Amino acid sequence: MFRLLPLLLVACEAGKIQLGAGPEPDARFWADVFTWECSATVDDVVQTWEGAFNYDLRFQYAPDALTQMESPISGCSFGADLFPDNAGDSGVNLSGAPGWYNSDALSGTMESKGDGFYFDSAFANQRTCTYVDELMGDGTELTDAGSFSGAKTPAPGTMDSVTITGVDSQTGIQFGADVTVAWETSGWEKSWVQIRREQGGALVEAATCATTGDSSFEVDSDVWDLLHDAVEVDVTNVYVGMEKHDSLTAEDGQEIELITRVMHIAVIQDQ
């Protein structure tokens, strides 16, 4: 008992602790592109594809204490937070606001939204019909971020098409209904489907299901049992998400997680 006390004192001595030297990632930088269905008639044939309407950048910094942001590895789960808006209780600000660079036409500076959390929207609610891979190129680079500068999110795969049975463009899908979600994509590492119960554009509750390796998913009673019909919402939305991950260790030993995500949204609610 008495032999342990000196060891604990040494371990807790501030001068002996090196920030960013722990096993967990210290920072996370990710690019989110949201898509909607575009269409055009060519030679009397209607062609559809996924076009980008939102392009968001987020950066979190919490040395040795970065919060998890993981979609399910298998099955479905309730309440997964895939869109954090902070860096947790241990967030630490950089000396200045970090920036991002995609091309000469697409670059910017992220705004601080709390300790260790920065956000920027390259464009919001612009219903373009630009293909995701054309928009994002070979990834989005982090700039003006100290030792993390130059880190780049992975190049995206393609998001060719998404179909959802029984979906209404204003209210989404009906609670309890059997719904088939199908997609055509390539070049991604992970995928998931999230059923989102929303009120006034804000998330009330969600069920997220792993779909990696699949090209379709059935929303059935097993999914609905995770949610609550009595909850007051105006939209039951569907997100179909694709992800690629990478990581980089900076010269000072800190690790940054790099993510590219593309998500089809069934019901677009302009903010």
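Can you give me the relative contact order of the chain as a percent, contacts being Cα pairs under 8 Å and 6 or more apart?
Numbers: 664 pairs, mean separation 59.1, N = 271.
Across the chain, relative contact order equals 22 percent.
Based only on other Cβ atoms within 10 Å, what is the fewest-to-most ordering of C209, C76?
Working: C209 24, C76 21.
By the 10 Å Cβ count, ascending: C76, C209.
Just want the ordering: I73, I259, I195, from fewest to most Cβ atoms lying within 10 Å of their own Cβ.
Ordered by Cβ neighbours within 10 Å, fewest first: I73, I259, I195.
Identify the GluC sites (Glu not before Pro) of the range 223-271 meeting these criteria: DSSP loop state and at most 14 other C-beta atoms within 10 Å of the C-beta. Please report the intermediate quantities before stating the final value.
Details: sites: E232, E243, E251, E255, E257; in loops: E232, E251.
The qualifying sites are E232, E251.
Counting other beta carbons within 10 Å of each Cβ, put M110, M263 in order, fewest first.
Working: M110 24, M263 20.
Least crowded to most crowded, the residues run M263, M110.
Calculate the dipole size of the range 135-271 relative to its Cα centre from +1 charges on Lys and Arg beta carbons and -1 charges on Asp and Glu beta carbons; express the result in debye to the nearest 20.
Working: 6 positive and 25 negative charges, 39 e Å.
Charge dipole, the range 135-271, about its Cα centre: 180 debye, nearest 20.
Give the residue from G139, M110, S121 lying farthest towards the positive end of the charge dipole for the range 104-145; charges sit on Cβ (+1 for Lys and Arg, -1 for Asp and Glu) and the dipole is referred to the Cα centre.
S121
222 nm [θ] for the chain, helices only, -39500 (n - 2.57) per DSSP H run of 4+, per residue, to 500? Write down the numbers at each step before the final one.
Numbers: 3 runs with 18 residues, N = 271.
Computed ellipticity for the chain at 222 nm equals -1500 deg cm²/dmol.
Given a Förster distance of 41 Å, report the FRET efficiency between D168 and D144 from their Cβ-Cβ distance, rounded to the nearest 0.05.
Numbers: r = 43 Å, r/R0 = 1.06.
Computed FRET efficiency for D168 and D144: 0.40.
Which value, in debye to the nearest 20, describes the size of the charge dipole of the chain about its Cα centre when Lys and Arg Cβ atoms bear +1, Asp and Glu Cβ atoms bear -1, and nothing else is charged? Walk me through the numbers before you get to the answer.
On the way: 12 positive and 45 negative charges, 149 e Å.
Here the chain has a charge dipole of around 720 debye.
Taking the Cβ of A182 as the centre, find all other residues whose Cβ is under 12 Å away and add up their charges (Lys, Arg: +1; Asp, Glu: -1). Please list the in-between numbers first.
Working: positive: none; negative: D160, E184, D214, E218.
With Lys, Arg at +1 and Asp, Glu at -1, the net is -4.
Taken together, the values in this text are just the output of simple stated rules run on the coordinates, not laboratory data. Fair warning: this is a prediction, and the values are worked out from it, not measured in the lab. Because the Cβ atoms are built from the backbone with ideal geometry, glycine has one as well, and the counts that use them run over all protein chains shown.
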